[in-house]
Amino acid sequence: MSAPENTGKAGVLVAAEDAPITDKLAHATLDDVLYNIVHDILIKVHRDEKTARANTAAIKVEKLALNSIDSSSTDQRPDVEVETDSAIYKDGNVTLKGNPLKTTKEILCPKCHLPRLLHPTDGKGGKKPDPSVIYCKKHPYIEKPGYDIYGQTWVAPGPGRGKKKKDMKDKLDPNDPSSPAAIMEGSAKDRPPNVLSFPSATCSKCKRCILVTRLNNHMGSCIGNSGRNASRAAAQKISNSNGGSQNNDNTPPGSQKGTPLPTSRAASPRKRDGDEFDEDAEESDPTNPKKKKLKPTALNKKVILKAKSPAATLKKEKIAKGSSMLNVEQKADDIDGNSTVQVAPKKSVPKGPSPTKKIKLNPSKPPVPSPGGKKGKRDRDMESESSGTLSSPPR
Amino acid sequence: MAARPATPASPKNHKVKDAQPGQPMYGCEHTQKLFNQDQNTTNTSIQHYKSILRSIFDTNPLISQTTKGSDGVIHTTLTPAWLCLQCPGTLTEEDLVRHGSKKQHRFYVDSRNAALYCQMCDDIVWDPTFEELRIQKQVTGTFSTSRKRKHEELPDPIKDNPTFISANTTIASCKANGLRGIYNAGATCYQNVVLQSFLHNPILRNFYLSDGHQCESPHCLSCAMDDMFQDFYASEVTNGYTAANILSGFWISEKKAFENLVTTKEQDAHEFFQFLAEELHERNGDGKKPEIGSEHSCTCIIHQTFYGKLQSTTTCQNCQGVTNQVQSFLDLSLPLENVTPASAKKKKAGGAKATVMTLQDCLDEEYIKSDKCEYRCHNCSSMQQARRQTSIKRLPNVLAIQFKRFEYKQGRHERAAKIDTPVQFPLSLNMLPYTSRARGGEGKENYELARSCTYDLLSVIVHVGEIDTGHYVSYCRVGDQWFAFNDHKVEVAQLSDVLNAKAYLLFYMVRSLS
């Protein structure tokens, strides 16, 4: 065996001429390994690309063959002979002509037979696609910081409890006309289509529409026995001897399923309002946006409004009560109210929630404080919830 | 589609793979000529290709990479050599042209991947007939098509009526590819990561998409999974998914053992994985509760996918009596403490260099090394010192591995702590050394057995942050591309991101099924 050369097959790692033989051997081996890695990757990529091109050539010639015969014929393999630059169709079989890597330039989707878009539309390596071509819907994935593989991004999460500071920090100031938020403000119509908001889902038990980020909390109190209601139920059980209605641990007291009585609403709206706010501060159960928030981003509020129509109405009541600094808010609300109407059908909500949501949404669209049954229902709920623990509303 | 085997029942006459719509029949004009000469040439070509495949994949790679040069010198290279399809010669790249012009042999097979090179095209060609054989060999290790043949005996509605499939199915949009985020419904990222790894598990995907689960019971978690698979793989929506049904099924479920999971607080993804697996088993399986520690066999999809069997052998140090105990496992939990990296031992003399622990080190510790224990020997009928050794008796199709990153430290300051040690894990994992068969000395030179124990990384679940609060993200592989899932956000991930992650849960899938 002769002395090893000072490099391997790839010739990338070269040892010095006067290097010791072990050095040369190490360089040669490493270089060969590198060659193998590149070789394997190349084979893989070559296979994908050439197979795709060859199939494209076949699809094209098959299409031509089918078109060349009578369109009424249902024969899948017409007995015709068609030839293109890249393939021959004969006796129902396709054979290649030349190297498909050279003869075929585009790639057709084997499923829908539309051309594949070969570069992403945005981000790294992004190019605008040719508007005159209808491409297959499978696009290359987008690599762009802040966006997902489909070029989507999400509006900042709502002013959730506990995360207030963090969320507000990156939030775009809606009052600054130069910021993108100003453009997005209010109506989703003006919002770029790739900016998505968080959807809502229907709770399988109470059938209410809940913003997705609060779904777990909601289910915890609605289905499960955790959260505020659980401790309340427990407290009630201990303090109250008439545990008859509390037998079912899984159901929070004052089931939200209950049909509202028409009279219940009149009970004590004022007191209720006060209660509600306190409770909101306790739990992130989606209710009305707190009035303490001075600059709620319009977008977030919109989402909430969509999910919780009673919220808007409750708020209006508060406004009527004459709090300060509400002018801006009210305006925003109006815009939001409108935008909600426009957005709702357009938005793609996964499955279930949509029908219910629309139904719920419609009656409360005009932000007039007369939501009727809905509000009544809520009132009743809250009332019965707090009935057992009147002594200590959580602060 | 009617993917009929290229080898018919009679081994004498080999057939060219039937034409498929949207696919050329041959790799190039020259393979077309080769197959159209006469039956004899077709037979020898296919037979020869098969024997080349055998020598490449079933024997030591040295054999296929050893060439005899024109000067008669035997040469073994690390880089690929080329095996002539028309004669038994193996050639270096440099010798190809000379061999071609001398012998009129035009096709050569690459010794690393068994790709076919056509000298007249001066390119690699991908002939459907050869490709089918190559993939069969590379993946399953055999050419046997017994399962397919059985299938063909059944009356095939597709054959009678070519439009059968198109008339009875709706084709999912090209856009629907299963890549969607899942919204965080309030500290549910521990669920999202596990759901994503289920969604991108080919076995579970095929089960649910082929209508594998049918039931009528309300609030069925398996039905919710079914819905989720449909939404991921059949709709064009790219927005995040709202796992409301899963969540409610989860809340409604009455698993006492996992009751503490049902809260609105952050939870352990591994516990959720166990919960989901057991729940789905109960919905799909024999209804028996999987008892921990026992040998439980069930034909449900979850058992077929995740469950394997462990065998622990206890040898009494007094009478040398051996007791075997077999139990099934859903996942392998590997401790990270007290593991000595193999590289550290070697380097001991060389000085204290920072060494990184590998997954194999952890597996070595658990399934190769033996530990001492006390046990009551039946023969001696007294307490005796014994050596206990655990090995894997049956490997699962999808191997779930958990690193015990969350540990409860005992002592004066009793508290739970997170172990942040990075552990290297490979893209493809050979589980053969940890099996009972390898313990018995089998499989040293058995490439076919080794291949059946080779696993490819499927998904990685990572926990970021502290023990009591943090966030879960996951990486899943779709084909050869990796994606990072962070709740509703899906991004393209680089391989280096995946492999540098501080993994908490790993899912490996056996290669022969992929």
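The values are calculated or read from the model by the stated rules, or taken from the named source; none is laboratory data. Keep in mind the model is a prediction, meaning the values are calculated, not measured. Please note: Cβ atoms are built from the backbone with ideal geometry, for glycine as well, and neighbour counts cover all protein chains shown. Accessible surface areas use protein heavy atoms only, side chains included; no ligands, DNA or RNA. Shrake-Rupley method; radii C 1.70, N 1.55, O 1.52, S 1.80 Å.
May I ask you to evaluate 6.51 cos²θ - 1.76 cosθ + 1.60, the Karplus curve with θ = phi - 60°, for each residue of segment B:236-243 and list the ³J(HN,Hα) values in order in whole Hz, giving x for glycine and proline?
Calculated HN-Hα couplings, in order: 8, 5, 10, 5, x, 9, 9, 7 Hz.
Going by amide H atoms built from the backbone, whose H comes under 5 Å of the H on A:Leu196, apart from near neighbours?
HN-HN under 5 Å from A:Leu196: A:Thr153, A:Trp154, A:Val155.
Say each of B:Ile368 and B:Asn40 gets a label point 7 Å from the Cα, pointing the same way as Cα to Cβ; how far apart are those two points in nm?
About 5.4 nm separates the two model spin labels.
Taking the Cα centre as origin and putting +1 on Lys and Arg beta-carbons and -1 on Asp and Glu beta-carbons, what dipole magnitude results for segment A:21-103, to the nearest 20 debye?
Rounded to the nearest 20 debye, it is 120 debye.
Around A:Glu143, which amide H atoms from residues at least 5 apart in sequence, or from another chain, sit under 5 Å from its own amide H, with H modelled in the peptide plane?
A:Lys124
Among the listed pairs A:Lys44/B:Lys404; B:Lys265/B:Lys393; A:Lys144/B:Lys404; A:Lys102/B:Lys489; A:Lys24/B:Lys137; A:Lys50/A:Lys124, which are separated by more than 27 Å between their Cα atoms?
A:Lys44/B:Lys404; B:Lys265/B:Lys393; A:Lys144/B:Lys404; A:Lys102/B:Lys489; A:Lys24/B:Lys137
Which of A:Gly92, A:Leu30, A:Val80 sits farthest toward the positive end of the charge dipole of segment A:21-103, with +1 on the Cβ of Lys and Arg and -1 on the Cβ of Asp and Glu?
Result: A:Leu30, furthest along the dipole toward the positive end.
So how much accessible surface do B and A hide from each other in total, probe 1.4 Å, in square angstrom to the nearest 100?
What B and A bury together is about 5600 Å².
At B:His75 and B:Ser101, where each label point lies 7 Å from the Cα along Cα→Cβ, what is the point-to-point distance in nanometres?
1.7
How charged is the neighbourhood of B:Val498? Take every other residue with its Cβ under 13 Å from the Cβ of B:Val498, and add Lys/Arg as +1 and Asp/Glu as -1.
-2
Apply the a/c threshold of 1.5 to the C-alpha gyration tensor of segment A:1-156 and tell me whether it is rounded, prolate or oblate.
oblate
I want the local charge near B:Thr77. Using Cβ-Cβ distances under 10 Å, sum +1 for each Lys or Arg and -1 for each Asp or Glu among the other residues.
With Lys, Arg at +1 and Asp, Glu at -1, the net is -1.
Mean 1/r over all different Cα pairs, inverted: what Kirkwood radius does segment A:21-103 give, in Å?
15.6
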